[in-house]
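Just below is one structure, and these are the notes that go with it.
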Amino acid sequence: MAAAAEDGGVARQAELRRAEGNACFRKARLGAAIDCYTEAIALCPGVAVYWVNRGLCHFRRKDWARVEEDSRRALALDDASVKGHYLLGCALLEKEDCALAVKEFEKALDLLKSSNSRDKMAEDIWQVLAKAKYQDWEKHSTQRVWKMQSLREACENALQEHHFLSGTLSEDSEGTTNEYPEQCKLLSEVFTNAILADTPGDVPDYLCCQITFEIFRDPVITPSGVTYERAILLEHLHKVGNFDPVTREPLKEHQLVPNLAIKEAVQAYLKEHSWAYKSN
């Protein structure tokens, strides 16, 4: 009984330190907040939220090494911590470890979806996820272009050598049809098309919101058949009025339906064209 009472007292002291840390954090007194959370951790090191809260202070200070350390400790205690995955993803992104950062951000979004939460963090997570996806594409795109150019040169040299050894390199090869120029042209088209497929362009209009002109994230369709980005349309309904921005027909929030077909089309497009994340 005495031991249980002592443990309860320690936990209460830790919660008091956390509350003090939260108050300091809201006032942007980050050093004092870190001290409070550190005391809470010393009292109860098995509570994930204490590590997360201290990690948020380091996040504000852009102390990425400590952000990574605290977020990893938090996730070791509670792998369902949305903020833990978000913080770890941000730290990894700063290290330019884009692929692992993407995994952490996607895990955070999946946790929000599974809880059916409309947490405002979803927008922040999406923004950094888009940044990580684009940076990952940019990094690998440069490598792909270099490899493509090297492969193209190797193929052109091999084709030239083949025709030279076959005696079909010159146009006046007697009794033969010279295929070399046509094969060179075809080879050039193949590599040009491959490079163009990985080159940024315009996102198709049907994949973009008619208000923001940005690619959809969470598209919803109205009774009039127009598709919008959910957050933008809700903002319109709350601040401007209960009507469709395009058709001007009366519209209430409960009438919105997720446009799953467009959402799947967006996901498929982004999978093939990761450069499109930059528009978000």
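The values are calculated or read from the model by the stated rules, or taken from the named source; none is laboratory data. Nothing here was measured: the structure is a model prediction, and the numbers come from that model. Virtual Cβ from ideal backbone geometry, glycine too; neighbours counted across all protein chains shown. Accessible surface areas use protein heavy atoms only, side chains included; no ligands, DNA or RNA. Shrake-Rupley method; radii C 1.70, N 1.55, O 1.52, S 1.80 Å.
Solvent-accessible area per residue in the chain equals 60 Å², computed with a 1.4 angstrom probe and all protein chains kept.
Using a 1.4 Å probe over the heavy atoms of the protein chains, calculate the carbon and sulfur portion of the accessible area of the range 205-277 as a whole percent. Walk me through the intermediate numbers first.
On the way: 2210 of 4170 Å².
On the range 205-277, the fraction of accessible area on carbon and sulfur atoms equals 53 percent.
Near residue 19: Cβ cut-off under 15 Å, other residues only, Lys/Arg at +1 and Asp/Glu at -1. The net charge is +3.
With Cβ to Cβ distances under 10 Å as the rule, what net charge do the other residues near residue 41 carry (K, R +1; D, E -1)? Before the final figure, lay out each step's value.
On the way: positive: 17, 18, 54, 73; negative: 39, 70.
After counting each charged neighbour, the total is +2.
What number comes out for the charge environment of residue 192, summing +1 per Lys or Arg and -1 per Asp or Glu over other residues with Cβ under 11 Å away? Within the 11 Å Cβ shell, the charges total +1.
Take the residue pairs 185/271; 103/271; 27/62; 239/263; 27/113 and return only those whose Cα atoms are more than 21 Å apart.
The pairs that break the limit, which is 21 Å between Cα atoms, are 185/271; 239/263; 27/113.
Helix-derived [θ] at 222 nm for the chain: sum -39500 (n - 2.57) over DSSP H runs of at least 4, divide by residue count, nearest 500? Intermediate values should be presented prior to the final figure.
Numbers: 10 runs with 182 residues, N = 280.
Per the formula, -22000 deg cm²/dmol.
Note on Rg/Rh (Cα atoms, Kirkwood Rh): of the candidates (i) 1.19; (ii) 1.06; (iii) 1.12, the value calculated from this structure sits at (i).
Starting with the highest mean, order 239-246, 65-72, 53-60 by the number of other Cβ atoms within 10 Å, averaged over the residues of each peptide. Can you show the working numbers first?
Details: 239-246: 12.9, 65-72: 20.1, 53-60: 23.0.
Per-residue Cβ counts within 10 Å, averaged per peptide and sorted highest first, yield 53-60, 65-72, 239-246.
Within the range 1-111, what whole-number % of the accessible surface is contributed by carbon and sulfur, with the 1.4 Å probe and all protein chains included in the calculation?
It is 52 percent, rounded to a whole number.
Which order do you get for 236, 140 if you rank them by accessible area with a 1.4 Å probe, largest at the top? Before the final figure, lay out the partial values.
Values: 236 25, 140 65 Å².
The most accessible residue leads, giving 140, 236.
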